[in-house]
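J.: Dropping the structure in here first, questions after.
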Amino acid sequence: EALAIQKQKEENRATKNGLQALLRDRIIQSYNRYVNDEGCCPIYALENIQAMYKAYHDLGGNGAVDKLMDDIESLPTEKRREG
């Protein structure tokens, strides 16, 4: 029984770490898209990224993506209109 509990703990840890890694990856992808490519971040996308960021931190994520979030959150929500 102790072995089963230990196995469950290991699986839970692996699931948590995997989910955290996926969230981090999606935040980085969003950063590349909105900061590097588009120069703006629509409100719907920003809200989704913020939800991922909260979940990432709730799972124990470190501050490695804090700077990325600062940059994303500082973007305008619409592209500037030319003219």
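J.: Search region 21-40 for residues that are under 20 Å from residue 60 (Cβ atoms) and modelled with pLDDT of 95 or more and pair each with any residue that is among the aromatic types (Phe, Trp, Tyr) and open to solvent by 40 Å² or more (accessible area, probe 1.4 Å) when their beta-carbon atoms are under 9 Å apart and the residues are at least 6 apart or on different chains.
T.: Within 9 Å, the pairs are 23/53; 27/53.
J.: Within the bounds of region 22-34, is there any residue that is of a type in the set (Gly, Ala, Ser) and surrounded by 12 or more Cβ atoms within 10 Å (Cβ to Cβ)?
T.: yes
J.: Search region 52-83 for residues being assigned to a helix (DSSP H, G or I) and open to solvent by 60 Å² or more (accessible area, probe 1.4 Å), and hand back the single one that is farthest from residue 33 (Cα to Cα).
T.: 58
The values are calculated or read from the model by the stated rules, or taken from the named source; none is laboratory data. In this text, all values refer to a predicted model and were calculated from it rather than measured experimentally. Quick reminder, even Gly has a Cβ in these numbers, built from the backbone with ideal geometry, and neighbours come from all protein chains shown. Heads up: the accessible areas ignore ligands, DNA and RNA and are worked out on the full protein's heavy atoms, side chains in. Shrake-Rupley method; radii C 1.70, N 1.55, O 1.52, S 1.80 Å.
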